[in-house]
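Only one structure is covered here, and it is reproduced in the block below.
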Amino acid sequence: MDALMANYGSDSDDDNEPAAVVGGAPEPQEASVLLPPPPLDLLQPPNFVDYSTIAQGSRIRSFLHVEGNYALHVYIPVVIPFNARKQLTLVMRRAASLVPDLYAVDADYALSDLCKDEQKLEKVLLGREFHVSLGRTVGIQVHQIDSLVAMLRQKFQSQQRYWMDFNKWEHFVNDDSTRSFLSLEVTRTGLPEISKQIHMVDEVYRLHGLPEFYKNPRPHISLAWALGVVSSKLKQATKEIEKFENSINSSKNCNLRCNFSRIVCKVGKKVYDICKIGD
């Protein structure tokens with residue numbers, strides 16, 4: 001299961017403590033004349049979008065955090081092509097009307113609120129980087145990081161480009177049943193290549209005593225999530241979305257086609273390039 005984890009940095013940094021006053025209370029200072037603050041619109045760039053005004057969801061840590069451990073995630077970055085965003089915008093509006101309590105993945109903004117503004121919907125939801133997980137997101141100890149990254153780079157040093165067709169709307173639930181996801185799954189083009197890459201990551205995980213991926217992997221990107229298990233709602237929503245797509249798209253092409261070009265390993269907040277294929 002992928003797209004399931006928030007990324008956590010180390011908890012070892014101490015909060016900054018205020019400096020103590022030595023020798024009693026400080027002497028009073030002369031009052032200074034302060035200028036009024038400038039208007040907020042002068043501090044904001046053109047086309048500024050205030051995302052703080054959008055209702056946000058709640059993140060739940062998916063595994064117990066241990067001091068000195070970091071969240072590890074190996075994945076294929078996916079960016080939605082511009083020519084596919086218009087139709088996906090319509091689809092996500094439809095999804096929000098079917099399941100009102102959906103949130104944008106990783107951004108954690110209410111999908112129903114994003115749908116009120118096309119600029120916010122495209123920038124917050126569709127303009128971000130998605131990922132296809134190649135391994136479980138697990139905790140890793142600091143002394144394992146260099147070895148794991150080096151082995152992954154060695155494994156993936158001779159990769160080639162291939163197409164990934166995200167051709168099926170599907171719903172998933174994470175391992176601890178705290179979230180449900182609306183996703184686009186790869187079931188045909190690209191599936192053999194991704195499955196082989198998952199097996200390669202499993203081999204490295206195994207050498208480091210980490211849990212392997214699911215026996216029957218289902219590569220996908222997740223676009224929206226809801227709290228808890230809402231499988232019945234999302235199952236019905238995927239059926240309605242497919243009908244809606246058929247009504248607005250006469251062709252039988254896949255929902256989304258992307259080119260594989262990169263694998264990334266994220267440890268805590270640090271990102272390592274495992275392989276990157278040039279243009």
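The values are calculated or read from the model by the stated rules, or taken from the named source; none is laboratory data. None of the values given here were measured: they were computed from a predicted structure. So basically every Cβ, Gly included, is an ideal-geometry build from the backbone, and we count neighbours across all protein chains shown. These accessible areas exclude ligands, DNA and RNA; they are computed on the full protein's heavy atoms, side chains included. Shrake-Rupley method; radii C 1.70, N 1.55, O 1.52, S 1.80 Å.
Looking only at the range 226-279, which residues are part of a helix (DSSP H, G or I), open to solvent by 40 Å² or more (accessible area, probe 1.4 Å) and of a type in the set (Ser, Thr, Tyr)? Give the derivation first.
Just the residues of the range 226-279 that are part of a helix (DSSP H, G or I), to begin with: 231-248.
Now narrow it down to the ones that are open to solvent by 40 Å² or more (accessible area, probe 1.4 Å): 232-233, 235-236, 239-240, 242-244, 246-248.
Those that are part of a helix (DSSP H, G or I), open to solvent by 40 Å² or more (accessible area, probe 1.4 Å) and of a type in the set (Ser, Thr, Tyr): Ser232, Ser247.
Being within 22 Å of the chain's Cα centre (by Cα), open to solvent by 80 Å² or more (accessible area, probe 1.4 Å) and modelled with pLDDT of 95 or more: is that true of Arg206 here? When the stated conditions are applied, Arg206 does not pass them. Scanning the range 90-110 for residues being under 22 Å from Ser247 (Cβ atoms), out of contact with any Cys (no Cβ under 6 Å at 6 or more places or on another chain) and either outside any helix (DSSP H, G or I) or not hydrophobic (A, V, I, L, M, F, W, C) (or both) gives a total of 5. Selection of the range 96-144 for residues being over 19 Å from Leu234 (Cα atoms), open to solvent by less than 60 Å² (accessible area, probe 1.4 Å) and polar (S, T, N, Q) yields Ser133, Thr137, Gln144.
Of all residue pairs spaced 6 or more apart or on separate chains, those with beta-carbon atoms under 7 Å, a first member in the range 149-163 that is within 15 Å of Val74 (Cβ to Cβ) and a second member that is in a loop (DSSP other than H, G, I, E, B) are Gln159/Ile277.
Among the numbered conditions (1) surrounded by 14 or more Cβ atoms within 10 Å (Cβ to Cβ); (2) not in a loop (DSSP other than H, G, I, E, B), the only one that Pro217 does not meet is (2). Of all residue pairs spaced 6 or more apart or on separate chains, those with beta-carbon atoms under 6 Å, a first member in the range 179-190 that is over 11 Å from Met164 (Cβ atoms) and a second member that is open to solvent by 10 Å² or more (accessible area, probe 1.4 Å) and among the aromatic types (Phe, Trp, Tyr) are Phe181/Phe172; Ser183/Phe172. Scanning the range 184-214 for residues that are farther than 19 Å from Gln154 by Cβ, assigned to a loop (DSSP other than H, G, I, E, B) and out of contact with any Asp or Glu (no Cβ under 9 Å at 6 or more places or on another chain) yields Pro211, Tyr214. Against the list (1) more than 17 Å from the chain's Cα centre (by Cα); (2) buried (at least 16 other Cβ atoms within 10 Å of the Cβ), the condition Ser147 fails is (2). A Cβ distance below 9 Å, combined with a sequence gap of six or more or placement on separate chains, defines the contacts here; from the range 219-246, residues that are more than 21 Å from Arg257 (Cβ to Cβ) reach residues that are open to solvent by 90 Å² or more (accessible area, probe 1.4 Å) in the pairs Ala226/Lys233. When the range 157-189 is filtered for residues that are open to solvent by 30 Å² or more (accessible area, probe 1.4 Å) and aromatic (Phe, Trp, Tyr), only Trp163 remains. Among the conditions (1) farther than 30 Å from Pro192 by Cβ; (2) under 20 Å from the mean Cα position of the chain (by Cα), the only one that Leu98 does not satisfy is (2).
Residue by residue, here is whether (1) over 30 Å from Met200 (Cα atoms); (2) touching a residue at least 24 places away in the same chain (Cβ under 8 Å); (3) in a helix (DSSP H, G or I) holds:
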{"residue": "Ile76", "(1), (2), (3)": "no, yes, no"}
{"residue": "Ala84", "(1), (2), (3)": "yes, yes, yes"}
{"residue": "Leu88", "(1), (2), (3)": "yes, yes, yes"}
{"residue": "Ser112", "(1), (2), (3)": "yes, no, yes"}
{"residue": "Leu121", "(1), (2), (3)": "yes, yes, yes"}
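Residues that are in contact with a strand residue (DSSP E or B) (Cβ under 9 Å, 6 or more places away or on another chain) and small (Gly, Ala, Ser) were ranked within the range 122-149; the one that is nearest to Asp108 (Cα to Cα) is Gly127.
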